[in-house]
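Read the structure below first, then the notes.
The values are calculated or read from the model by the stated rules, or taken from the named source; none is laboratory data. A quick note: this is a predicted structure, and the numbers were derived from the prediction, not measured. Neighbour counts are summed over all protein chains in view; Cβ atoms, including those assigned to glycine, are modelled from backbone coordinates with ideal geometry. All accessible areas refer to the heavy atoms of the entire protein, side chains included, with ligands and DNA or RNA removed. Shrake-Rupley method; radii C 1.70, N 1.55, O 1.52, S 1.80 Å.
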Amino acid sequence: VPMGVLSCMKYLMFVFNVLVFAGGTCLVGVGVWVAVDPAGFQDIMATKPLLSASAYLLLAVGFALALLGFLGCCGALRRSRPLLLV
């Protein structure tokens, strides 16, 4: 496999993992917003009973995605197969 292809794959994996990290960070932000100010979020969404559960679900999924994206970025830059497999 030519070196140019491997270098391109490295940067593509890095960019994809940055996008996953950014998405996880956005989910954490929305989860914190819903947990701290549920009244402001209820103006947008009318679902009241599931609001507190959805806030903590958004936080958990967001933290998991941010962690996986960060580990993937580190794995792509270092070419570490165990970090990329996580």
query: Going by the conditions given, is residue 28 out of contact with any Cys (no Cβ under 7 Å at 6 or more places or on another chain), more than 20 Å from residue 59 (Cβ to Cβ) and either modelled with pLDDT of 85 or more or assigned to a helix (DSSP H, G or I) (or both)?
result: no
task: Go through segment 1-34 and give me each residue that's over 19 Å from the mean Cα position of the chain (by Cα) and open to solvent by 60 Å² or more (accessible area, probe 1.4 Å).
output: 1, 2, 3, 5, 6, 8, 9
